[in-house]
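Please read the structure below before turning to the comments.
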Number of protein chains: 2
Amino acid sequence: MKRIIFLLIVVVALAGIIAATAATPGGADEAAASIAQGKLPAGYRDWRLISVAREEGTLDDIRAILGNDVAIKAYREGKPPFPEGTIIARIAWSYDASDENNKVFGKAQSFVAGHPKNGVQSMVKDSKKYASTGGWGYSQFDEGKPLTDAAMLQSCYDCHALIKDRDYVFTRYAP
Amino acid sequence: MKRIIFLLIVVVALAGIIAATAATPGGADEAAASIAQGKLPAGYRDWRLISVAREEGTLDDIRAILGNDVAIKAYREGKPPFPEGTIIARIAWSYDASDENNKVFGKAQSFVAGHPKNGVQSMVKDSKKYASTGGWGYSQFDEGKPLTDAAMLQSCYDCHALIKDRDYVFTRYAP
């Protein structure tokens, strides 16, 4: 009887740990399904940071590239290609001179993230589902609504296809 | 007997969940203690993103501001002052024109994070311990080693003191 109780305790404790772990943000399948259904995945804003960048020109933004757990693990291990379930999300904001910071510094040197801009873009790795676009599904959400213009979504792939040798991914991990 | 087994199962499952939750990055007390001991806290690079920025001038970097769980919760609730245990970390990299991106775009417009630069800086909220510097402890780690120059650390406070009305914090949350 004692053995049975002990085994039960171990099993349930493990189940508890697994349940708690699975509840952390970045559940790959759930987020990928959400994007495929035209919904921003819950908790994407909690994903860990891959890197940051600034685009001048018509984009004119400052941006952060976030990754789900699969993406972060793959980046840190540094072995392309990215595994199934990788999701890379790009969020961006207006590139605003910070008058309040500059005033404190006594110099015009500080630029900060202003209002959200250029939508939330994502790449989901699913080699079967997105075989026709290099194994990645591309999406964009503007104010939470999915971009559905096929030509514009195709243009994501057309550009990323130019870096096929890096598994279609522009962003490198910033340590 | 069945009741005892059931209770044991419940207790152990809860313990498992608590253990798994506590193991997530951002344990406030542990990280604050680590910083106070002159060590970069384990897992700070996994903290969630508060915002991004670009500093020109002598700093000449692109940066990300990350927060532990206490910081993120406080930012999202938007009610200053920040609670005890808040930690805000600033990481930065060289601001590099991306030749590889520009080549693909056919335009010189892309700047990315290069090598780590200007250290890892942090602010830890502990109103008692850091009462003499507005309730925040300031630190900087250069290649993992703590800056110990008292005058330089004092200069952190001197600058942040100019925005006392925002609880000494420059960075605003980027949604």
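Quick one: Debye curve from the C-alpha atoms of the stretch B:85-175, no solvent, what's log10 I(q)/I(0) at q = 0.17, 0.26 Å⁻¹?
-0.81, -1.32
Compute the Kirkwood hydrodynamic radius of the stretch B:44-89, taking the inverse of the mean of 1/r over all pairs of distinct Cα atoms, and give it in Å to one decimal.
Numbers: mean 1/r = 0.0873 Å⁻¹.
Evaluated on the stretch B:44-89, it is 11.5 Å.
If you average over every viewing direction, what projected area does the convex hull of the Cα atoms of the stretch B:127-175 give, in nm²?
With the hull built on Cα positions only, its mean projection is 4.6 nm².
Quick one: plug the Kirkwood hydrodynamic radius of the stretch A:20-114 (C-alpha pairs) into Stokes-Einstein at 4 °C, 1.567 mPa s, and report D in µm²/s.
Approximately 85 µm²/s, per Stokes-Einstein.
What does the charge dipole of the stretch B:67-115 about its Cα centre add up to, to the nearest 20 debye, if the Cβ of each Lys and Arg holds +1 and the Cβ of each Asp and Glu holds -1?
Value, rounded to 20: 160 debye.
Taking a threshold of 25 Å on the Cα-Cα distance, which of the pairs A:164/B:103; A:164/B:117; B:39/B:129; A:103/B:73 fall above it?
A:164/B:117; A:103/B:73
May I have the pair-distance distribution P(r) for the stretch B:61-132, computed from all Cα-Cα distances with 5 Å bins from 0 and rounded to whole percent?
Once binned at 5 Å, the Cα pair distances of the stretch B:61-132 give 3, 15, 16, 14, 14, 12, 9, 8, 5, 2, 1, 0.
Using a 10 Å cut-off on Cβ to Cβ distances, tally the other chain neighbours for every residue of A:106-114 and report the average as a whole number.
Working: counts 1, 5, 2, 7, 7, 6, 11, 12, 2.
Taking all residues of A:106-114 together, the mean is 6.
Find the percent of Cα-Cα distances in chain B that exceed 22 Å, and round it to a whole number.
Working: 8042 of 15225 pairs.
For chain B, the fraction of Cα-Cα distances above 22 Å is 53 percent.
Where the label is 7 Å out from Cα toward Cβ, how close does residue A:60 come to the same position in every other copy, in nm, shortest first?
Here residue A:60 shows inter-copy label distances of 2.6 nm.
Treating the beta-carbon of each Lys and Arg as +1 and of each Asp and Glu as -1, no other charges, what is the dipole magnitude of the stretch A:18-175 about its Cα centre, to the nearest 20 debye?
That gives the stretch A:18-175 a dipole magnitude of about 400 debye.
Laboratory data are not the source of any read-out in this text; all were calculated from the coordinates shown. Just so you know, these numbers come straight off a predicted model, no measurement behind them. All Cβ positions, glycine included, derive from the backbone under ideal geometry; neighbour counts span all protein chains shown.
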